[in-house]
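Structure record follows, encoded as structure tokens.
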Amino acid sequence: MINLPAQRKKLHVALVYNQKKEDVTNQSLTEDSENPSKLTGNFYPRVSNFFSENKNYNQAVDLYAEWDTFETIDAVRKALEEHHNVSLVEADQDAYIKLKQLQPDIVFNIAEGLHGVSREAQIPAMLEMLNIPYTGSDPLTLAICLDKSRAKEIMSYYNIPTPEFWVISRKEELRDITPILPAIVKPLHEGSSKGIFNTSIVRDREGLEREVNNVLSRYNEPVLIEEYLPGREFTVAILGNEEDLTVLPIVEIKFETLPPDVNPIYSYEAKWIWDRAENPLEIFSCPAKLTEQLKTKIEQTCRKAYKILRCRDWCRIDVRLNKDGQPNIIELNPLPGILPNPEDNSCFPKAARAAGLNYNQLIQTVLLLAAQRTGILTDSYSLPKIFSGVNV
């Protein structure tokens, strides 16, 4: 087991979050913030009944898919409270005032934001205005990575492989482009597989027009049309800053475990419908079975993307192989999902466990990295260089 450095003092840590709203419940984290250990509830999205009655998966209730459940928020709180004093702050319209009044030593930020293209940047921007240190990437990196085309443009400039892509804002613009088919159609700035359904893979012009219209009408935002890559898919969790990066064991997505006759993508249905804690799919393999050559190539590609996009503390990067077996970056997730229950198939915690970090240690490590980066923690601290098998 990995031993984290001893704490020299307790910090006042504000945990800033957005909480899922799909469940019908009368309780929220803020109702008993003075004694959060009393809180109970289950905030998982309850859409299974909807899907049994509605076969059109594109009508999924995915509005709050990016937000965290009570279970996740409470697990992060408990991990932080092993060493620190923790205050809970919901990332709503009153968050700025609450943070200004609290003046915590540091914020552990897992807030996905409320509205707009730059929603993930909202809390970090507030914190920078208040001069409060926080975990994770800065507002610019968060905004760029959420706008997938901007991230892909930067990666392309630096010769980081990424699938070819096209962006359109109106269906009439389809007349002016000839995307490579098959392609995958997705909203330009969503996460947690929002807007990516089994039908999102298109193989002809008719399907392309259908999916573009679906995204434009449902999400009211530009559409990313991306070349579909036929190879294996991986997700890569990275911890650290600047040159001191640790790549955790690589996770492979095993599409053969999905229901028969569906497309081999990690769609909304795969993430939230077919794969549930009460009936989990064996969809992830970690560590992935890779040759040393491919493993090194994936890690090097992800490290380069992490540094070029100026990620901080942690990020999960999705990778897919093209027809020639070369790794391409699909997207970067600098606010990675961190479901605490191992049966929930959350990739970052899964990679951490494979590296010898339990859930609490993962959360504490991210806080330590941010505290070191911002000068709150003056002691030198690096993760042991044992995870990836290569020098980092």
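Nothing in this text is a laboratory measurement; each read-out follows from the coordinates by a stated rule. Keep in mind the model is a prediction, meaning the values are calculated, not measured. Note: ideal-geometry Cβ built from the backbone for every residue, glycine included; neighbour counts use all protein chains shown.
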Under Karplus coefficients 6.51, -1.76 and 1.60, residue-wise ³J(HN,Hα) of segment 10-16 in Hz, glycine/proline x | 7, 9, 8, 10, 9, 8, 10
Could you pull out the pairs from 21/307; 254/323; 20/148; 100/304; 21/98 whose alpha carbons sit more than 25 Å apart here?
-> 21/307; 100/304
If r is the Cβ-Cβ distance from residue 262 to residue 10 and R0 is 56 Å, what FRET efficiency results, to the nearest 0.05?
-> 0.70
Express in nm, to one decimal, how much length is gained between residue 103 and residue 81 on full extension, taking 0.36 nm for each residue of separation and deducting their alpha carbon distance.
-> 6.2 nm
